[in-house]
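Visitor: One structure, as structure tokens, below. Some questions next.
Just so it is clear, none of the values below were taken in a lab; they were calculated from the coordinates. Everything quoted here is computed from the prediction, not taken from an experiment. All Cβ positions, even for glycine, are placed from backbone atoms using ideal geometry, and neighbour counts span all protein chains on display.
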Amino acid sequence: MTRKSDPNVNEPQHFRVSAEQPAAPAIALAARAIKAGGLVAFPTETVYGLGANARDEDAVDKIFRAKGRPATDPLIAHIADADQLNDLARDVPDLAHELARRFWPGALTLVLPKSAALPANLTAGLDTVAVRMPNHAVATALIEAAGVAIAAPSANRFSRPSPTTAQHVLDDLATEIDVLLDAGPTAIGLESTILDLTRDPPQLLRPGGLPLEALRQFIPDLRFAPRFLGDAEAAPAPGTLLKHYSPRAELLLFQGHDDAAVYATMRAQIAAGRRVGLMLNAADAAAFADLDVKVESLGDSAEQAALRLFAAMRALDGAGVDCILARSPEKRGLGLAVWDRLLRAAEGTLIEV
Ligand code: TXA
Ligand code: MG
């Protein structure tokens, strides 16, 4: 166990732990903080979470205050054993158990009718609860040692890109958390897929780390119903507002099949005299090698794009650009979730070329 920082009034206890076999003392200390009603930032396979005891109303309230998150946006309860599902949810359908057997631990969050005993702020007053079993040894060890389900949103300030490294957590929340478990960069890089099983047919509320195609094998009539700002309909997933997961810079999202036309339209933006940054896959980025602009490559696959997306947004913000140019990816596999996050960062506006 390495202790990376001195205990200061406003600094978290920061422990570097192995992602495969986290040291027991660090886990025990973090679990004590959870049981005492504190906040622990911890890694999952998707993004870092900001955790508190899901059954402690005051601790859950601290999460909302730390993030600056509206009380109308419910949290995900994280479990370490599928049996814990029955403590949190009631009338759990067979389909939920089937999906849990197939995809847990993993990047799938299930929305189910909530059990009566949960604090109201965890679910933002809804009669449903979101539950997930993360696939990360540190998360599992922490939940087991704490002996309770852990409520955890992504460990970023509200509307900022989700954190994929411990440094991102510190950048947003250093003064708010008691303990930070740092196991290096997360494996997937964007958040879990959220599936609402209280509706018939089930609805995909947020595309994420588990591809839609994998779910369709179990739920052929699955409805893709992400909610965007401006929808007249009442919101099933309050946290899926547009202008979310966003860099500070304006993000312009271009879509088109003709590479040359897309590049020309982007170049016109760069020529317009703004401080522009590019966030593109490797092949697209290569087309701008002659220009003196800041480039963050999203690699050459949907998996790499998922992994790099939020870090790239933060890096371009750090470089002080006013405007980020990005291109709409293929909406297949993890590409659907990447597209969703880009569209939200672009406040819902696609520039068709
Ligand atoms: O991968 C993830 O899901 C990460 C890691 C830490 O597990 N967590 C995460 O949490 O992304 P958060 O709070 O940033 O996003 C949770 C989303 C929000 O959009 C919220 O509105 C939605 O889940 N949600 C939670 N409870 C819900 C419910 N009962 N009904 C509908 N949506 C719900
Ligand atoms: Mg979030």
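Visitor: Specify the angular offset, from 0 to 90 degrees and rounded to the nearest 10, of the alpha carbon long axis of helix 24-35 from the longest principal axis of the alpha carbons in the chain.
Guide: Once rounded, one gets 80 degrees.
Visitor: Under a Cβ-Cβ cut-off of 14 Å, what is the net charge of the residues other than G256 that fall near it, where Lys and Arg count +1 and Asp and Glu count -1?
Guide: Around G256, the surrounding residues sum to -3.
Visitor: Determine the shape class of region 250-352: with a ≥ b ≥ c the square roots of the Cα gyration tensor eigenvalues, call it rounded for a/c under 1.5, and otherwise prolate if a/b is greater than b/c, oblate otherwise. Don't jump to the answer; show the numbers that get you there.
Guide: Details: a/c = 1.40, a/b = 1.24, b/c = 1.13.
Taking the square roots of the gyration eigenvalues as a ≥ b ≥ c, region 250-352 is rounded.
Visitor: Normalised radius of gyration for region 18-129, please: alpha carbon Rg relative to 2.2 N^0.38 Å, two decimal places.
Guide: On the way: Rg = 14.6 Å, N = 112, 2.2 N^0.38 = 13.2 Å.
Compared with the compact-globule rule of thumb, region 18-129 sits at 1.10.
Visitor: What FRET efficiency, computed as 1/(1 + (r/R0)^6) with R0 = 30 Å and r the Cβ-Cβ distance, is obtained for D258 and A214, rounded to the nearest 0.05? Before the final figure, lay out the partial values.
Guide: Working: r = 32 Å, r/R0 = 1.06.
After rounding, the FRET efficiency stands at 0.40.
Visitor: Restricting attention to the alpha-carbon atoms of region 2-224, what are Rg (one decimal) and Dmax (integer), both in Å?
Guide: Rg, Dmax (Cα atoms, Å): 16.4, 53.
Visitor: Each residue of region 186-198 in turn: what ³J(HN,Hα) in whole Hz from Karplus with 6.51, -1.76, 1.60 and θ = phi - 60°, glycine and Pro shown as x?
Guide: 6, 7, 9, x, 9, 6, 5, 6, 10, 10, 8, 9, 8
Visitor: Of the chain, which part is the longest with no GluC sites (Glu not before Pro) in a loop (DSSP not H, G, I, E, B) and with at most 13 other C-beta atoms within 10 angstrom? The partial results should precede the final answer.
Guide: Working: sites that count: E20, E233, E330.
Longest gap between qualifying sites, sites excluded: 21-232.
Visitor: Could I ask something else about it? Using the alpha-carbon atoms, what tilt in degrees (0 to 90, nearest 10) does helix 259-271 show relative to the longest principal axis of the chain?
Guide: Result, in degrees: 90.
Visitor: Note the direction-averaged projected area, equal to a quarter of the hull surface, for the Cα convex hull of region 81-154, in nm². Working shown, then result.
Guide: Details: hull surface 19.6 nm².
Over every viewing direction, the Cα hull of region 81-154 projects on average to 4.9 nm².
Visitor: Would you mind checking the tilt of helix 137-146 against the longest principal axis of the Cα atoms of the chain, expressed as 0 to 90 degrees and rounded to 10?
Guide: The two axes meet at around 30 degrees.
Visitor: Once Lys and Arg get +1 and Asp and Glu get -1 on their Cβ, which of G51, G184, V321 lies farthest toward the positive end of the dipole of the chain?
Guide: Sorting the options by dipole projection puts first V321.
Visitor: Follow-up. Can you show me the helix-derived [θ] at 222 nm for the chain, built from DSSP H runs with n ≥ 4 at -39,500 (n - 2.57) apiece and divided by the number of residues, rounded to the nearest 500.
Guide: Numbers: 11 runs with 106 residues, N = 353.
Helices in the chain give a 222 nm mean residue ellipticity of -8500 deg cm²/dmol.
Visitor: Just how large is the dipole of region 2-224 about the Cα centre, in debye to the nearest 20, putting +1 at every Lys and Arg Cβ and -1 at every Asp and Glu Cβ?
Guide: Working: 21 positive and 27 negative charges, 55 e Å.
Dipole size: approximately 260 debye.
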